[in-house]
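Every read-out reported here was derived from the displayed coordinates using simple, explicitly stated rules and does not represent laboratory data. Note that the structure is a prediction, hence the values are computed from the model and not measured. Cβ: placed from backbone, ideal geometry, glycine included. Neighbour counts: every protein chain shown.
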Amino acid sequence: MAEHPAYPVGLRLTGRRVVVVGGGQVAQRRLPALLAAGADVVLVSPEATPSVEAMADAGEITWQRRPYAEGDLAGAWYALVASDDAEANARASAEAERERVWCVRSDDADRATAWTPATGQSEGVTVAVLTTDARGRDPRHTAAVRDAVVEGLRDGTLVAPHHRTRTPGVALVGGGPGDPDLITVRGRRLLAEADVVIADRLGPRDLLAELPPHVEVIDAAKIPYGRYMAQEAINNALIEHARKGRSVVRLKGGDPYVFGRGMEEVQALAEAGIPCTVVPGISSSISVPGAAGIPVTHRGVAHEFTVVSGHVAPDDERSLVDWPSLARLTGTLVILMGVDKMGRIAETLIAHGRSPDTPVALVQEGTTAAQRRVDATLATVAETVRAEDVRPPAVIVVGEVVAVGTPTDR
């Protein structure tokens, strides 16, 4: 037997009796997968770890609180022998052999009739890895192979497109603050499977270079003070390509619902009957200050933070922000899209009670190789923006937390 590789197979254990001998750490690791498979698990052990005991208390498993006894494997389809009693393990293994029950032994794999593969899951796919050479089993190597495959499927570096189950539609993906490594695992995987990508300028542009040649990339950049693609045109493009049976990714910077007009696109798709998946992203309002060494909250300094849009000035009738109330808060104020309006914002905050000496940090191109941090105060920020030529995209942080950390630039 040892000269031949194991035959891989997937066991369908729903409602079928599985016996686990031993309630220690091995059982604790293996039981969740058996329960997820729907197995009717019977645990035979005088003792168990607290986690295993909790499964029994919750009714997830049947626990017979005693040592293994002959006949315990009767009616079992599968057995896991993992007690610290070598003699009991041997007897249970022998019973399994007689009763033709596939049996895993944690203490002696060579005497087992089954091995547990290193497993992982990604989007409905189970990856199971076994060592093919029975004479040189290397659990660490199989686990490393498993991890590499699962991670590749999750982050999109290992592309395995769907063929039968793939359905047309749109994925609204938050790409994060700019660094391509900060997109979510799910977002990157969907991007790798896309037929069409409609991308903002503030999305992780480096990821577009990794797309296969057949993927159509549409520039939906809304460049400040320059050319832009109207929101209606973006909505129409999403609908048009999805109706052609394509898998479409709308790649946006930050999070789709944080000043990203994500809901407008979701509503347009819903009205058109197009299925849409929303994938949250890391918002620049928190991640960019963090990348520049600024915590938006800090014990004893700030117990709150508020994120506002500064794309219209405080005295603009279109503004929905209650700037006087914000001026009276003592926490951190994070302003997005407010570089050119920062002078009037600062004046308004000071006029309604915020100290002119309040620290301010402007973080331009946060999390990218071009990241730059410029510090000022409310009293000096307008002149600092002009003197340092601070340009969007930039995240502005107002509050005492600016002085807490050590300024960092990438």
For this session: Two decimals is fine: what is log10 I(q)/I(0) at q = 0.16, 0.30 Å⁻¹ for segment 290-340, from a Debye sum with one equal scatterer on every Cα and no solvent?
Result: -0.53, -1.20
Exercise. What does the helix-only formula give at 222 nm for the chain: each DSSP H stretch with n ≥ 4 adding -39500 (n - 2.57), the total divided by the residues, and the result rounded to the nearest 500 deg cm²/dmol?
Worked result: -8000 deg cm²/dmol
Exercise. With no solvent and one point per C-alpha, what does the Debye sum give as log10 I(q)/I(0) for segment 169-282 at q = 0.17, 0.19, 0.23 Å⁻¹?
Worked result: -0.72, -0.92, -1.40
For this session: Name the residues whose placed amide hydrogens come within less than 5 Å of the amide hydrogen of residue 158, ignoring near sequence neighbours (fewer than 5 apart) on the same chain.
Result: 153
Exercise. If you take the beta carbon distance between residue 270 and residue 233 as r and set R0 to 22 Å, what does 1/(1 + (r/R0)^6) give as a FRET efficiency, to the nearest 0.05?
Worked result: 0.75
Problem set entry | Residues 263, 55, 342, sorted so that the one with the fewest Cβ neighbours within 10 Å comes first | 263, 55, 342
For this session: Would you calculate the separation in nanometres between label points at residue 121 and residue 277, each defined as 7 Å from the Cα along the Cα-to-beta-carbon direction?
Result: 1.6 nm
Problem set entry | Euclidean distance between Cα centres, segment 2-61 to segment 285-309, Å | 45 Å
Seminar exercise, completed: One would report the antiparallel percent of DSSP beta bridges in segment 285-403, rounded to the nearest 5, as 75 percent
For this session: From the P(r) of the chain, can you give the percent of Cα pairs sitting at distances over 36 Å?
Result: 49 percent
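Could you give me D for segment 292-410, from Stokes-Einstein at 20 °C and 1.002 mPa s, where the hydrodynamic radius is the Kirkwood radius over C-alpha pairs? Units µm² s⁻¹, please.
152 µm²/s
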For this session: Assign unit charges at the C-beta atoms only (+1 for Lys and Arg, -1 for Asp and Glu), then state the dipole size of the chain relative to its Cα centre in Debye, rounded to the nearest 20.
Result: 680 debye
Exercise. Between 34, 362, 349, which gets the highest mean-square fluctuation from a Gaussian network model of the chain, Cα cutoff 10 Å?
Worked result: 34
